[in-house]
Amino acid sequence: MQTDKAQALKVVIVGGGTAGWMCAAGLARLLDLKAYDVTLIESDEIGAVGVGEATLPHIKTFNDMLGINEARFLAETQGTLKLGIEFRDWNRPGDRYIHPFGTFGEPWNGVDFQHHWVRAKLAGREVAPLQAYSYAAAACRANAFEFPNQDDKSIRSTYAYAYHFDASLYAGFLRRWATARGVKRIEGLVADIARDGANGHVASLTLKSGAIIQGDLFIDCTGFRSLLLGGQMDVAWQDWAPWLPCDRALAVPCKTGGDGLTPYTRASADLGGWRWRIPLQHRTGNGYVFSSAFLDENQARETLLAKLDGEALDEPRLLRFKAGRRVRGWSGNVVAMGLASGFLEPLESTSIFLIQAAVIDLVNLMPTPGEGDRMDPRLVAEFNRLFEIQYDRVRDFLILHYRANSRFGEPLWDHVRTMAIPDSLAAKMELFEARAALPDYKYGLFSRDSWLSVFEGQGLTPRAHDRLAESLTLDDLEARLADLKTRIDSNVATMTSHADFLARYAPGDVAAAALTPAVA
């Protein structure tokens, strides 16, 4: 695109952190910076919220799109690899299951695996727990990691992986990457905001220093403050506390201990909420997400510290939040990303994914420089349609974890098990229980296998299966299930331990990082 620099569309990102710098890096990589003038304003005086240290496999796609060298990235962010999320005590105390980043089993005769498994189980045949038929879940249990095989006929191709990393280090990594490619960074605090009297759009920002920053499109990455979308454009907040009542989190790092460098995040249900464990190379991230209506802050703090794997490295930091989202993610000439657009507790590591999705959707719908009204309402409407889908589908998945519990006699858990839920989630649960049917959509989280892992892991039991699964005899089905489990177990047994893999591939020390080029 040949555009005079004076006619370039001025994009101003307000706020840094993970959201701001993911946005800046995505725009720098996917847009022509001769046509789009991208500036990011941040202040080192404002600390990042930054408890999001766990991710979903989509982040690898984002990093690969940027051309980031994976080993260098892991070393500089003290990162580890992630094959799934282990849930402890979510159905009943003592229960465990893994939400793996990969498939369960194989489709046989054109019928999805869960139907065959349910059929064998209902028929009383020899059948292992569902988790035994997931390669990623088996690797998690073995604390093992290797890259997936690129041959889609191999059992070793049936999983994906994500990362754990230090969120502040990741933001700094992207900041260096983006500024090296033309994104301008301005240090400063926003003191005043000027609006266009004709259309109500944001026209300019005045910084505390007195500098005036004009723009055509403003991207709000100001965290819970939502300085532009909520504060200036007055976009209302949709409160999801009736479904997701947790409103506090205590976060604290500790020395690595316990199970060490597991290739999975852990979420353990507890009184009044749940605790996370995220293994990094230099420490372990921990937290307690809880509802202040059901658990006292001091009790949460004592429980969190008592259950750490190792010595605490700091005092627990309290975060207050509300679950929900803005009713729109784009209003006028303001687009919000990250906490400025909404918040969902980090139960399924979705916060960074939602930033990534917003960046990609914005790039695809970005106004064209020099075309009169640059805020085409059709582009805005489509962004908001996709924004709603993303948040609402994640919301339903998180509510499922709470609703499908058997922790009787605990006030929070009794409440969420009996509360009214969105019709969209109720329909999904009823279909699974009736016929082992799974949600299946191309846009938005989560995959069919993700739903299956939580449905089954938390005790939902199908009453029937797809009748097409009856094309196999029960003897043949039992043999296939046994063979599949043997193939998974034998392959996982040869894998490298996660700790050894990291020590060889991406040790988190400065000397090792300096040896690896930053980009491919």
- Item | Reachable aspartates and glutamates, given that their alpha-carbon falls under 16 Å from the alpha-carbon of K208 and they are not under 8 places away in the same chain | E42, D44, E45, E187, D192
- Message: Helix 448-457 against the longest principal axis of the chain: what's the angle in degrees, Cα atoms only, rounded to the nearest 10?
- Response: 60 degrees
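For region 273-327, run through the GluC sites (Glu not before Pro) and keep only the ones in DSSP coil with at most 14 other Cβ atoms within 10 Å of their Cβ.
Within region 273-327, the qualifying GluC sites (Glu not before Pro) (loop, at most 14 other Cβ atoms within 10 Å) are E311.
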- Centre separation in Å (Cα based) which lies between region 287-361 and region 79-107: 21 Å
- Task: Normalising by the residue count of region 248-320, find the relative contact order in percent from Cα pairs under 8 Å and 6+ residues apart.
- Result: 45 percent
- Query: Under the Karplus relation 6.51 cos²θ - 1.76 cosθ + 1.60, θ = phi - 60°, what is the ordered set of whole-Hz ³J(HN,Hα) values for region 159-172, x standing for Gly and Pro?
  - Reply: 9, 10, 8, 10, 9, 10, 7, 6, 4, 5, 5, 5, 4, x
- Query: Quick one: in region 248-320, what % of C-alpha pairs are over 17 Å apart?
  - Reply: 36 percent
- At 0.692 mPa s and 37 °C, Stokes D of the chain from Kirkwood alpha-carbon radius, µm² per second: 135 µm²/s
- Task: Determine the alpha carbon to alpha carbon distance for each of K121/K428; K82/K121; K82/K307; K10/K322 and list only those over 25 Å.
- Result: K82/K121; K10/K322
- Query: Listing D152, D376, D296 from the residue with the fewest other Cβ atoms within 10 Å to the one with the most, what is the order?
  - Reply: D152, D296, D376
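Defining a contact as two alpha carbons under 8 Å apart and six or more residues distant in sequence, what relative contact order in percent does the chain show?
Working: 1025 pairs, mean separation 122.6, N = 520.
Relative CO of the chain lands at 24 percent.
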- Summed residue charge, Cβ within 13 Å of G329's Cβ, Lys/Arg positive, Asp/Glu negative: -1
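Read-outs throughout are calculated quantities, based only on the coordinates presented, and are distinct from any laboratory measurement. The shown structure was predicted, so the numbers you read here are calculated from the model rather than taken from an experiment. Don't worry about glycine lacking a Cβ; one is built from the backbone with ideal geometry, like all the others, and counts go over all protein chains shown.
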